[in-house]
Amino acid sequence: MAKDTNRTSKPASPRESRTAEDAPNPVWFKPVMFGFMLIGLAWIVVFYVSQSTLPVASIGSWNILVGFGIMFIGFLMTTRWR
(Lines give C-alpha, C1' and ligand atoms only; values in the text may rest on other atoms or scores of the structure.)
Protein backbone atom coordinates (compact mmCIF):
# COMPACT_ATOMS: atom_id res chain seq x y z
CA MET A 1 0.00 0.00 0.00
CA ALA A 2 1.34 3.41 -0.92
CA LYS A 3 1.76 6.21 1.58
CA ASP A 4 0.10 9.54 0.93
CA THR A 5 2.96 12.00 0.58
CA ASN A 6 0.67 15.03 0.19
CA ARG A 7 -0.67 14.75 3.69
CA THR A 8 -0.44 17.98 5.61
CA SER A 9 -0.16 17.81 9.32
CA LYS A 10 -0.68 20.56 11.74
CA PRO A 11 2.49 21.75 13.40
CA ALA A 12 2.61 21.07 17.10
CA SER A 13 1.29 24.12 18.87
CA PRO A 14 3.56 25.33 21.63
CA ARG A 15 2.05 25.22 25.08
CA GLU A 16 1.07 28.50 26.52
CA SER A 17 3.56 29.41 29.17
CA ARG A 18 2.03 31.01 32.21
CA THR A 19 3.83 33.63 34.15
CA ALA A 20 3.49 33.95 37.90
CA GLU A 21 0.83 36.64 37.46
CA ASP A 22 -1.28 34.49 35.12
CA ALA A 23 -1.08 31.33 37.19
CA PRO A 24 -4.24 30.23 38.97
CA ASN A 25 -4.55 30.70 42.70
CA PRO A 26 -3.60 27.94 45.09
CA VAL A 27 -6.37 25.77 46.49
CA TRP A 28 -6.27 27.47 49.91
CA PHE A 29 -6.77 31.00 48.53
CA LYS A 30 -10.55 31.02 48.15
CA PRO A 31 -11.38 29.51 51.58
CA VAL A 32 -9.01 31.94 53.30
CA MET A 33 -10.49 34.88 51.40
CA PHE A 34 -14.07 34.01 52.31
CA GLY A 35 -12.95 33.07 55.82
CA PHE A 36 -11.58 36.57 56.45
CA MET A 37 -14.82 38.13 55.23
CA LEU A 38 -16.98 35.85 57.38
CA ILE A 39 -14.81 36.21 60.49
CA GLY A 40 -14.96 39.99 60.17
CA LEU A 41 -18.74 39.87 59.80
CA ALA A 42 -19.05 37.52 62.78
CA TRP A 43 -16.84 39.86 64.84
CA ILE A 44 -19.19 42.79 64.20
CA VAL A 45 -22.34 40.72 64.77
CA VAL A 46 -21.00 39.36 68.08
CA PHE A 47 -20.12 42.92 69.14
CA TYR A 48 -23.65 44.15 68.51
CA VAL A 49 -25.48 41.11 69.88
CA SER A 50 -23.44 41.05 73.10
CA GLN A 51 -24.08 44.77 73.63
CA SER A 52 -20.36 45.59 73.35
CA THR A 53 -19.14 43.12 75.99
CA LEU A 54 -17.61 40.70 73.46
CA PRO A 55 -15.27 39.97 71.58
CA VAL A 56 -12.83 42.36 73.32
CA ALA A 57 -14.61 44.52 75.89
CA SER A 58 -11.61 46.70 76.70
CA ILE A 59 -11.38 48.26 73.23
CA GLY A 60 -15.06 49.23 73.14
CA SER A 61 -16.31 50.60 69.84
CA TRP A 62 -12.98 49.89 68.17
CA ASN A 63 -14.32 46.34 67.76
CA ILE A 64 -16.25 47.61 64.76
CA LEU A 65 -13.03 48.82 63.15
CA VAL A 66 -11.34 45.51 63.90
CA GLY A 67 -14.22 43.62 62.25
CA PHE A 68 -14.16 45.85 59.18
CA GLY A 69 -10.37 45.54 59.03
CA ILE A 70 -10.59 41.76 58.94
CA MET A 71 -13.28 41.92 56.26
CA PHE A 72 -11.17 44.42 54.29
CA ILE A 73 -8.32 41.91 54.13
CA GLY A 74 -10.73 39.44 52.52
CA PHE A 75 -11.95 42.06 50.06
CA LEU A 76 -8.35 42.93 49.15
CA MET A 77 -7.76 39.27 48.42
CA THR A 78 -10.60 39.33 45.87
CA THR A 79 -8.51 41.62 43.67
CA ARG A 80 -5.92 38.83 43.28
CA TRP A 81 -8.47 36.02 42.75
CA ARG A 82 -8.29 34.29 39.35
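Yes or no: Trp81 modelled with pLDDT under 95 and surrounded by 10 or more Cβ atoms within 10 Å (Cβ to Cβ)? When the stated conditions are applied, Trp81 passes them. Considering only segment 35-58, state which residues are in contact with a helix residue (DSSP H, G or I) (Cβ under 7 Å, 6 or more places away or on another chain), in a helix (DSSP H, G or I) and either free of Cβ contacts under 8 Å to residues at least 24 places away in the same chain or of a type outside the set (Val, Ile, Thr) (or both). The answer is Phe36, Met37, Gly40, Leu41, Trp43, Phe47.
The values are calculated or read from the model by the stated rules, or taken from the named source; none is laboratory data. Source: prediction; values computed, not measured. FYI the Cβ positions are ideal-geometry reconstructions off the backbone, even for glycines, and counts take in every protein chain you see.
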